[in-house]
Amino acid sequence: MKKTLNIIIGIFSWILIGSFTVILGMTLLSNFDLLRGYRSFLVQSGSMEPSIMMGDVVITTKTRQYPQNDVVTFRDNDGRTVTHRVIGTDETNYSPMLVTKGDANQTKDRHQITTDQVLGKVSLVVPKLGFVIAFSRTPVGFLILVIIPAGIIAIDEIKGILKKLKKGE
């Protein structure tokens, strides 16, 4: 029975460590430019459904051009981070302006954006991971996904050390 319990605790620990690693990686990707321009963003609205759902995480990368039908993440004129599809360009200004629209929206976005406002083109969509990341940012989520797994690992390591010390005596 004790061996079975240790196996279950071990499996649970590895699952939590894996979850923690993924969450940490996504958090680092969203806050720092660690991997040659790749960044992650949590999708917080349904404006791109059904292609990108609320709660998904998008991984973006910078490119030189953003042609029609590319899905891009950008900072709009109000300072919000938005992920929408490029539906056209307007070349009337000195620099080309991108016309964007959410797939679920009836009309194009109010303001056109410059390529300088684009944070990157969506390269990968990770379904529903955003819900776990958002939960991990709450006090209860931090406790369940970080503190408890760290405590289990620490206790397991302390047990191992004590067992080795006992055998050595």
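The values are calculated or read from the model by the stated rules, or taken from the named source; none is laboratory data. The structure displayed is predicted, hence computed values, not measured ones. Reconstructed Cβ throughout: ideal geometry from the backbone, glycine too, with neighbour counts over all protein chains shown. Keep in mind that these areas ignore ligands, DNA and RNA; they rest on the heavy atoms of the full protein, side chains included. Shrake-Rupley method; radii C 1.70, N 1.55, O 1.52, S 1.80 Å.
Just to be sure before I move on: is residue 88 open to solvent by less than 40 Å² (accessible area, probe 1.4 Å) and out of contact with any helix residue (DSSP H, G or I) (no Cβ under 7 Å at 6 or more places or on another chain) in the structure I sent? First the steps, then the outcome.
Working: open to solvent by less than 40 Å² (accessible area, probe 1.4 Å): yes; out of contact with any helix residue (DSSP H, G or I) (no Cβ under 7 Å at 6 or more places or on another chain): yes.
Yes: the conditions hold for residue 88.
Write out, first by first residue and then by second, each pair whose Cβ atoms fall under 6 Å of each other, whose residues are 6+ apart or on separate chains, and whose first residue, in the range 8-23, is closer than 13 Å to residue 146 by Cα while the second is at pLDDT 75 or above and hydroxyl-bearing (Ser, Thr, Tyr).
Every condition considered, the pairs that remain are 23/136.
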